[in-house]
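Trainee: The structure under discussion is supplied below as structure tokens; questions concerning it will follow.
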Amino acid sequence: MAGNSNKGRSNAEPAEDDDAYIDIDDTGPEGLKGADGGYTWEEEYKRSWDVIQEDASGSIQSSITGISSQHQRKRRLRDTSVVQRGIMRHMVVVLDQSDVMSTRDIHPTRIQASTAALEHFIGEFFDQNPISQLAMVATKDGLAERLSELSGNPRDHTDVLRNAALAGEPSLQNALELGMHTLRAAPVHGEREIVCVMGSLTTCDPGDIEQTLAALKAAGVRVSMVHLAAEVHVFRRICRETGGAFAVAADGEGLREALMECVPPPAVEGGRAVAEMVQMGFAAKASGKVPTPCACHHELGFTGFLCPRCGAKVCTLPTECDVCGLALVEAPHLARSYRHLFPEENFVERPEGEGAERACFGCGRGGAGFGCPRCGEGFCLECDIFIHETLHNCPGCT
């Protein structure tokens, strides 16, 4: 280095201060290597392709199975804290129906994979949130179109997903504005959410989306999004600032898993924790020899449920009476919603090899690597996920 040395100066030259010289770093290329042998600026990047390794037969199936198992293990670790959650949810699902959804990078096409995943999501949503309501919105040609109104009947939403016509570019701003307008009639004690499935990297908006973001935050609407291509800054920012989640799905299974994360009700934020009494009615089932029209669809039918307040007939439960506005439910609906307030505790993973020889208490097969912290019974990974996502109670404890 040339920091303190006077070597190379002539005697006639006056001595200069050492501060006049610049300390030059002459570290060679070897000094830039990181701990793993790569350059230091490469350490922040994950070389995901190095995870895939071939086995002795040249197959990568074992590596793929291992990665899938890791995703399942992450999926089983859910938030089991006892906090206030909004069990009466009002959700608008936005589906991108632009031309880019015909791309075949997700088998068979993006729109077909999205339709299948949304049909599964809608069924699971109403199974775990029976006193909630949902609406469908599509965006294409720079516009947004409401496909179905807010209702608690899954069939109203799954039927409109089929035979989608793709056209033009999407407009996220128009879709969010229409979603806010749809949720405007939702009661203040219910959660307001918008879940978007997007495939386009662009959005054709008529105005400033910053104003829409401010309106979303003022209305208390939580926006979550699953993208089928890549992360877009403005999309992720909207989700982050409204308290939602953003995910990128690499395939159809990833899309389904990302949507399943939106099924459990989120925790209510401290500033919006409002407790109110909600009046509900238990509608009695009735049948007759003469068909009578229902108040919800105006269709003739022999069976239905009668509102205890006004006597109007509705087709299915849960729903809201179209005549008097009373929320009509059954006792199992309240029980299925109540379980989110006191979720089943996560099972404890046992040390490797300890549960391999032990039979699963649920299915009887080996590999009981997860134990209930209360009763101590062992379960396999599949039964663990089934208990926490579907059964919602431990068979060993009951």
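The values are calculated or read from the model by the stated rules, or taken from the named source; none is laboratory data. This structure is a prediction, so every number in the text was calculated from the model and none was measured. Positions of Cβ are backbone-derived with ideal geometry, glycine not excepted, and every protein chain shown enters the neighbour counts.
Trainee: If a residue counts only when it is in contact with a strand residue (DSSP E or B) (Cβ under 8 Å, 6 or more places away or on another chain), touching a residue at least 60 places away in the same chain (Cβ under 8 Å) and closer than 22 Å to Gln133 by Cα, which strands (runs of 3 or more DSSP E) contained entirely in the stretch 159-271 have at least 3 such residues?
Mentor: Numbers: elements: 191-198, 221-227, 246-248.
Those strands (runs of 3 or more DSSP E) span 191-198.
Trainee: Only residues that are among the hydrophobic types (A, V, I, L, M, F, W, C) and either in a loop (DSSP other than H, G, I, E, B) or at pLDDT 80 or above (or both): list them for the stretch 335-359, please. Don't jump to the end; show me each part of the working.
Mentor: To start, the set of residues in the stretch 335-359 that are among the hydrophobic types (A, V, I, L, M, F, W, C) comprises 335, 341-342, 347-348, 356, 359.
Result: Leu341, Phe342, Phe347, Val348, Ala356, Ala359.
Trainee: With respect to Ala368, is the statement that it is under 30 Å from Arg309 (Cβ atoms) and in contact with a Gly (Cβ under 8 Å, 6 or more places away or on another chain) true?
Mentor: Values: under 30 Å from Arg309 (Cβ atoms): no; in contact with a Gly (Cβ under 8 Å, 6 or more places away or on another chain): yes.
No.
Trainee: Something else about it: State all residues of the stretch 147-161 that are buried (at least 17 other Cβ atoms within 10 Å of the Cβ) and either among the charged types (D, E, K, R) or not assigned by TED's automatic domain parsing to the domain that holds Leu118 (or both); if no residue qualifies, say none.
Mentor: Selection gives Asp156 alone.
Trainee: If Phe121 passes every condition in (1) in contact (Cβ under 8 Å) with a residue 60 or more places away in the chain; (2) in contact with a strand residue (DSSP E or B) (Cβ under 9 Å, 6 or more places away or on another chain); (3) part of a loop (DSSP other than H, G, I, E, B); (4) of a type in the set (A, V, I, L, M, F, W, C) but one, which one does it miss?
Mentor: It fails just one condition, (3).
Per-residue answers, yes or no, for (1) buried (at least 18 other Cβ atoms within 10 Å of the Cβ); (2) outside the structural domain of Gly142 (by TED's automatic domain parsing); (3) on the phi < 0 side of the Ramachandran plot; (4) not small (Gly, Ala, Ser):
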residue	(1), (2), (3), (4)
Gln211	no, no, yes, yes
Ala214	no, no, yes, no
Arg222	yes, no, yes, yes
Val226	yes, no, yes, yes
Ala230	no, no, yes, no
Arg236	no, no, yes, yes
Glu241	no, no, yes, yes
Val248	no, no, yes, yes
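Trainee: Another question, if that's okay. For the condition over 18 Å from the mean Cα position of the chain (by Cα), under 20 Å from Met101 (Cβ atoms) and among the small types (Gly, Ala, Ser), what is the one hit in Ser224, Ser200?
Mentor: On the way: Ser224 fails: over 18 Å from the mean Cα position of the chain (by Cα).
Result: Ser200 is the single residue among Ser224, Ser200 that is over 18 Å from the mean Cα position of the chain (by Cα), under 20 Å from Met101 (Cβ atoms) and among the small types (Gly, Ala, Ser).
Trainee: Any residue at all in the stretch 314-321 that's of a type outside the set (Lys, Arg), loosely packed, with under 14 Cβ neighbours inside 10 Å and either part of a strand (DSSP E or B) or at pLDDT 90 or above (or both)? First the steps, then the outcome.
Mentor: If we filter the stretch 314-321 for residues that are of a type outside the set (Lys, Arg), which is where we start, we get 314-321.
Filter again for loosely packed, with under 14 Cβ neighbours inside 10 Å, leaving none.
So far as the stretch 314-321 goes, no, none of its residues is of a type outside the set (Lys, Arg), loosely packed, with under 14 Cβ neighbours inside 10 Å and either part of a strand (DSSP E or B) or at pLDDT 90 or above (or both).
Trainee: Being modelled with pLDDT of 90 or more and in contact with a His (Cβ under 9 Å, 6 or more places away or on another chain) narrows it down to one residue among Gly190, Gly199, Gly168, Gly179; which is it? Before the answer, list the steps.
Mentor: Details: Gly190 fails: modelled with pLDDT of 90 or more; Gly168 fails: in contact with a His (Cβ under 9 Å, 6 or more places away or on another chain); Gly179 fails: in contact with a His (Cβ under 9 Å, 6 or more places away or on another chain).
Selected residue: Gly199, the only one of Gly190, Gly199, Gly168, Gly179 that is modelled with pLDDT of 90 or more and in contact with a His (Cβ under 9 Å, 6 or more places away or on another chain).
Trainee: Mind checking which residues of the stretch 288-313 are polar (S, T, N, Q) and surrounded by 20 or more Cβ atoms within 10 Å (Cβ to Cβ)?
Mentor: As a first pass, look at the stretch 288-313 and keep what is polar (S, T, N, Q): 292, 303.
Scanning the stretch 288-313 gives no hits.
Trainee: Within the stretch 119-135, which residues are over 16 Å from the mean Cα position of the chain (by Cα) and surrounded by 21 or more Cβ atoms within 10 Å (Cβ to Cβ)?
Mentor: Ile131, Ser132, Gln133, Ala135
Trainee: Given the conditions (1) of a type in the set (A, V, I, L, M); (2) modelled with pLDDT under 95; (3) over 18 Å from Met225 (Cβ atoms), and given that Ile106 satisfies all but one, which numbered condition is not satisfied?
Mentor: Going through the list (1) of a type in the set (A, V, I, L, M); (2) modelled with pLDDT under 95; (3) over 18 Å from Met225 (Cβ atoms), Ile106 breaks only (3).
Trainee: A follow-up question, please. Specify which of the listed residues (Ala327, Ala331, Ala368, Ala335) is crowded, with 16+ Cβ neighbours inside 10 Å, within 25 Å of Ile87 (Cα to Cα) and of a type in the set (A, V, I, L, M). Full working, then the answer.
Mentor: Details: Ala331 fails: crowded, with 16+ Cβ neighbours inside 10 Å; Ala368 fails: within 25 Å of Ile87 (Cα to Cα); Ala335 fails: crowded, with 16+ Cβ neighbours inside 10 Å.
From the options Ala327, Ala331, Ala368, Ala335, the qualifying one is Ala327.
Trainee: When Ala164 is evaluated against the numbered criteria (1) surrounded by fewer than 20 Cβ atoms within 10 Å (Cβ to Cβ); (2) within 27 Å of Ala327 (Cα to Cα), which criterion, by number, is the only one it fails?
Mentor: The single condition Ala164 does not satisfy is (2).
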